[in-house]
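What follows is one structure encoded as structure tokens, with my remarks underneath.
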Amino acid sequence: MSESCDVAIVGGGVVGSAIAYFLLGQTSFKGRVAVIEKDSTYADAATSRSVGGVRQQFSTPENIAMSSFGAAFIKGIANYLTVDGEAPAVPFTEWGYLFLASESGLDILTSNHATQTGLGADIALLTRDQLGARFPWLNVSDLAAGSFGQTNEGWTDPYGLLQAFKRKARSLGAVYLNDEAVAIERAGGRIAAVQLAKAGRLACGNLVDSAGFHSHRIAAMAGIELPVRPRKRCVFVFDCKTPIERAPLTIDPTGVYFRPEGASFICGVAPPDEHDPDCLDFDVDYSLFEETIWPTLAERVPAFEAIKLARAWVGHYDYNTVDQNAILGRHPEIANFFFACGLSGHGLQQSPAVGRATAEMIAYGAYRTIDLTRFGFERFGTGRPIIELNVV
């Protein structure tokens, strides 16, 4: 490609690739788009190591709206990402999310349910007896209620969605550079260029930071302190001889979650804050499974008392340390620097909405569909965090 572009997107995972697609395929933008991705195999990318969940069960209206669009997009993906008559094979297992609550968590569950259903989400609030009847494999003795996503919730294939966005974006003219951003050149209140490790200087009209758990490093190159850090999340795969039919992605009151994965199950839990440092390694913490997850699973699902751990992997959240919500939109002082990061584990399901919103902001200077103004960088300077209560 030439040594300049109209939009340089740093980070070509599912969010960056979604931005490229929406910019070139769903707006009036006609410029040149370069997507800079240092790991063309995506072997260590957060997208590839995601559990692929899609839900509307959030406490924040914008998150509900973004993930609702994400579900609709994935279910109708052939209408958007077909290339040369070939529709992407991206499945959506629509078996729902099931949030469980004890008596102490009932008020929050009920309040969240009212917010979700008020925005059109198909979420059923179930009593303890209803939970036991609907999910007979579940131990409900200590539960007060549960909320179950009856439609538009479940999980998809993260790598398949990423590749579908990338293939479509390339077909529309996006150029993917297997390279690494090592410096950013500022000229007053604008970004003039990004320096690449292999290709050298790339002048750009706009720069998007969608570098996931590396996004704070990209921002720092432009002199921006971004409250996003890499946080490690372990995912464990186990087998259970007792069949459990159509289990939803289930979140225990402790935060431990599990869902089916083929004939097996996957599970995990966020470590306590004091044991959740900034981290870039891929070392599995098996003590998390042995000391926290397995005992919780065995208590919640009696059939899980006899399970066999098969394997495990590590992925990373681009964790917003202030309020665990996305950071989106234009920098208030650097007019052509855009954020699309800090999604804190929600990036896959919100990638269609973030891609569309970022494209709108670049092409039109404003949001035209979902108003995501509250997720702007400005909230950190004004002390207006957006606290999301349902972080898994």
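The values are calculated or read from the model by the stated rules, or taken from the named source; none is laboratory data. No experiment lies behind these values; they were computed from the predicted model shown. Cβ: placed from backbone, ideal geometry, glycine included. Neighbour counts: every protein chain shown. Side chains are part of the model used for accessible areas, which takes the heavy atoms of the whole protein and leaves out ligands, DNA and RNA. Shrake-Rupley method; radii C 1.70, N 1.55, O 1.52, S 1.80 Å.
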Gln57, sole failed condition from (1) open to solvent by 10 Å² or more (accessible area, probe 1.4 Å); (2) in contact (Cβ under 8 Å) with a residue 24 or more places away in the chain; (3) part of a loop (DSSP other than H, G, I, E, B) | (1)
Since Ala43 meets every condition but one in (1) open to solvent by less than 20 Å² (accessible area, probe 1.4 Å); (2) hydrophobic (A, V, I, L, M, F, W, C); (3) not in a helix (DSSP H, G or I), which condition does it not meet?
-> (1)
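If only one of Ala303, Ala310 is open to solvent by 10 Å² or more (accessible area, probe 1.4 Å) and in contact with a Cys (Cβ under 7 Å, 6 or more places away or on another chain), which one is it?
Every option except Ala303 fails the conditions.
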For Asp252, state whether it is buried (at least 21 other Cβ atoms within 10 Å of the Cβ) and of a type in the set (Asp, Glu).
-> yes
Members of region 347-387 found to be open to solvent by less than 10 Å² (accessible area, probe 1.4 Å), assigned to a loop (DSSP other than H, G, I, E, B) and either free of Cβ contacts under 8 Å to residues at least 40 places away in the same chain or not aliphatic (A, V, I, L, M) (or both), listed by number = Gly376
Output for region 60-93, where each listed residue is assigned to a loop (DSSP other than H, G, I, E, B), out of contact with any Pro (no Cβ under 7 Å at 6 or more places or on another chain) and open to solvent by less than 60 Å² (accessible area, probe 1.4 Å) | Thr60, Gly76, Thr82, Ala87, Pro88, Val90
In region 250-330, which strands (runs of 3 or more DSSP E) lie fully inside it and hold 1 or more residues that are under 30 Å from Glu360 (Cα atoms)?
-> 307-320, 327-330
Failed criterion for His214 (all others in (1) open to solvent by less than 30 Å² (accessible area, probe 1.4 Å); (2) within 19 Å of Asp44 (Cβ to Cβ); (3) not small (Gly, Ala, Ser) hold) | (1)
Out of all the residues in region 1-27, which are part of a loop (DSSP other than H, G, I, E, B), surrounded by fewer than 24 Cβ atoms within 10 Å (Cβ to Cβ) and at pLDDT 95 or above?
-> Gln26, Thr27
Which is under 25 Å from Gly149 (Cα atoms), of a type outside the set (Val, Ile, Thr) and surrounded by 24 or more Cβ atoms within 10 Å (Cβ to Cβ), of Leu106, Leu100?
-> Leu100
Residues of region 18-50 satisfying the condition of being touching a residue at least 60 places away in the same chain (Cβ under 8 Å) and of a type in the set (Gly, Ala, Ser) | Ala18, Ala20, Gly25, Ser28, Gly31, Ala34, Ser40, Ala45, Ala46, Ser48, Ser50
Scope region 124-155; condition closer than 30 Å to Ala359 by Cβ and open to solvent by less than 10 Å² (accessible area, probe 1.4 Å); matching residues = Gly149, Glu153, Gly154
